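Please read the structure below before turning to the comments.
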Amino acid sequence: MFIEVNGYRFNTVSFGAGPRTFLGLSGWIGSWELWQQPFELMSPSWRCVSYDHRGAGESPVPPETITPETLTDDLFALMDALGIGRCLLGAESAGGLIALMAALRQPDRFEGLVLISATPAITLEAAKALVDGSRADFSATIKSFVDACVPESHCDHIRRWGRHILLRAEPEAAARLLESAYEREFSVALANITVPTLVIHGRQDTIVPLKIGEHMARDIPGAELVILEGVGHAPTMTRPQEVVAAIERRFVKS
């Protein structure tokens, strides 16, 4: 369903009708499809919601409107439009910055955070090559990025799927989604997060190295760290069963 908030139209999806809501944020120019497989497993007992954030998938916007603040504003506006008073908020990769900013702004809206291959900040050092590559040769940059995200063997189908997802974005939007974060040095004071947090990270992640996940789990009060062995940067796509199992161990009462 397409929903108009903050002056733009966003592609949103909702599966299941459980008593609790899980809302999934994707990173960089990832669409809601990065959550497709976990949602298939969770929807019998959860309401599972996601959307293409501004500049990704089928939610195009003028690139100059993209900032971490507008992405956070969109999250709350879409929650309100979808009748989500409170949810478990999942975020992968660069979506982690938005989830953490949201948890600081309105912690009572979230019963927990699930940070998957996530980062609390986007740095010039980490992102400049992707920004420049998006503007110079978008297709080649996406291919290299996806290959690095999914080092697992027997995952050619996931790499193909990932390329198709990311290439739906406009190159300039892809650049601005990263550039707007590092040019103003957005980061989060992790010690101020009061929402119960689960950090899930692949040991073979070279996009957001495991040491960043360990740092978040150490600095967020009471956070739990789950390390997935032999997994790269896209566990929602390559190991959805393990991701969902970790979420349910942490947030589903027996």
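The values are calculated or read from the model by the stated rules, or taken from the named source; none is laboratory data. For clarity, every value in this text was computed on a predicted model and none was experimentally measured. All Cβ positions, glycine included, derive from the backbone under ideal geometry; neighbour counts span all protein chains shown.
Filtering the stretch 140-160 down to residues that are acidic (D, E) and either assigned to a helix (DSSP H, G or I) or under 15 Å from S31 (Cα atoms) (or both), which residue is farthest from the chain's Cα centre (by Cα)? Before the answer, list the steps.
First pass over the stretch 140-160, keeping only residues acidic (D, E): 147, 152, 156.
Remaining after also requiring either assigned to a helix (DSSP H, G or I) or under 15 Å from S31 (Cα atoms) (or both): 147, 156.
On the way: D147: 18, D156: 22 Å.
Checked the stretch 140-160; the qualifying residue farthest from the chain's Cα centre (by Cα) is D156.
Does the stretch 187-196 contain any residue that is touching a Leu at 6+ places or on another chain (Cβ under 9 Å) and over 28 Å from D108 (Cβ atoms)?
no
Cβ contacts < 8 Å: first residue over 22 Å from P235 (Cβ atoms) and assigned to a helix (DSSP H, G or I), restricted to the stretch 179-207; second residue among the β-branched types (V, I, T) and modelled with pLDDT under 95, any location; separation 6+ or different chain. Result?
Listed pairs, sorted by first residue: A181/I122; Y182/I122; Y182/T123.
Give me a count of the residues in the stretch 208-220 that are surrounded by fewer than 22 Cβ atoms within 10 Å (Cβ to Cβ) and either more than 25 Å from T141 (Cβ to Cβ) or touching a residue at least 40 places away in the same chain (Cβ under 8 Å) (or both). Don't jump to the end; show me each part of the working.
The first filter runs over the stretch 208-220 and keeps only residues surrounded by fewer than 22 Cβ atoms within 10 Å (Cβ to Cβ), leaving 209-212, 214-215, 217-219.
Filter once more, keeping what is either more than 25 Å from T141 (Cβ to Cβ) or touching a residue at least 40 places away in the same chain (Cβ under 8 Å) (or both): 212, 214-215, 217-219.
Residues in the stretch 208-220 being surrounded by fewer than 22 Cβ atoms within 10 Å (Cβ to Cβ) and either more than 25 Å from T141 (Cβ to Cβ) or touching a residue at least 40 places away in the same chain (Cβ under 8 Å) (or both): 6 in total.
Testing A126 on (1) in a helix (DSSP H, G or I); (2) crowded, with 16+ Cβ neighbours inside 10 Å; (3) of a type outside the set (K, R); (4) at pLDDT 95 or above, one condition comes back false. Which one is that?
Only one criterion is unmet by A126, namely (4).
Against the conditions (1) over 28 Å from E242 (Cα atoms); (2) surrounded by fewer than 21 Cβ atoms within 10 Å (Cβ to Cβ), where does A121 fall short? Just the number, please.
Looking at each condition in turn, A121 falls short on (1).
Test G112 against the criterion of being under 24 Å from A217 (Cα atoms), touching a residue at least 24 places away in the same chain (Cβ under 8 Å) and assigned to a helix (DSSP H, G or I), and give yes or no. Before you say what the answer is, go through the steps one by one.
Values: under 24 Å from A217 (Cα atoms): yes; touching a residue at least 24 places away in the same chain (Cβ under 8 Å): yes; assigned to a helix (DSSP H, G or I): no.
Considered against the rule, which asks whether it is under 24 Å from A217 (Cα atoms), touching a residue at least 24 places away in the same chain (Cβ under 8 Å) and assigned to a helix (DSSP H, G or I), G112 comes out as no.
Those residues that are under 19 Å from T197 (Cβ atoms), β-branched (V, I, T) and not in a helix (DSSP H, G or I), I need them from the stretch 228-252; list them, please. First the steps, then the outcome.
The first filter runs over the stretch 228-252 and keeps only residues under 19 Å from T197 (Cβ atoms), leaving 228, 235-236, 242-252.
So of that shortlist, the ones also β-branched (V, I, T) come out as 236, 243-244, 247, 252.
Within the stretch 228-252, V252 is the sole residue that qualifies.
All but one of (1) of a type in the set (A, V, I, L, M); (2) out of contact with any Asp or Glu (no Cβ under 9 Å at 6 or more places or on another chain); (3) surrounded by 19 or more Cβ atoms within 10 Å (Cβ to Cβ); (4) part of a helix (DSSP H, G or I) hold for V61, so report the exception by its number.
(4)
How many residues are buried (at least 16 other Cβ atoms within 10 Å of the Cβ), over 22 Å from F2 (Cβ atoms) and not aliphatic (A, V, I, L, M) when one looks only at the stretch 68-89?
Adding up the residues that qualify gives 1.
In this structure, is A173 assigned to a helix (DSSP H, G or I) and surrounded by fewer than 24 Cβ atoms within 10 Å (Cβ to Cβ)? Explain how you work it out, then say what you get.
Details: assigned to a helix (DSSP H, G or I): yes; surrounded by fewer than 24 Cβ atoms within 10 Å (Cβ to Cβ): yes.
Answer is yes for this residue.
Of all residues in the stretch 219-254 being among the aliphatic types (A, V, I, L, M) and more than 18 Å from L25 (Cβ to Cβ), which is modelled with the lowest pLDDT? Show your work before the answer.
As a first pass, look at the stretch 219-254 and keep what is among the aliphatic types (A, V, I, L, M): 220, 223, 225-228, 231, 234, 237, 243-247, 252.
Then drop every residue that is not more than 18 Å from L25 (Cβ to Cβ), which leaves 225-228, 231, 245, 252.
On the way: L225: 98, V226: 98, I227: 98, L228: 98, V231: 98, A245: 98, V252: 92.
If we take residues in the stretch 219-254 being among the aliphatic types (A, V, I, L, M) and more than 18 Å from L25 (Cβ to Cβ), then V252 is modelled with the lowest pLDDT.
Any chance the stretch 34-48 includes a residue that's assigned to a helix (DSSP H, G or I), closer than 23 Å to R239 by Cβ, over 15 Å from the mean Cα position of the chain (by Cα) and not aliphatic (A, V, I, L, M)? Spell out how you get there, then give the answer.
At the first step, the residues of the stretch 34-48 found to be assigned to a helix (DSSP H, G or I) are 34-42.
Those left that are additionally closer than 23 Å to R239 by Cβ: 34-42.
From what is left, the residues that are over 15 Å from the mean Cα position of the chain (by Cα) are 40-42.
Okay, now just the ones that are also not aliphatic (A, V, I, L, M), so 40.
Looking for residues that are assigned to a helix (DSSP H, G or I), closer than 23 Å to R239 by Cβ, over 15 Å from the mean Cα position of the chain (by Cα) and not aliphatic (A, V, I, L, M), one finds at least one in the stretch 34-48, hence yes.
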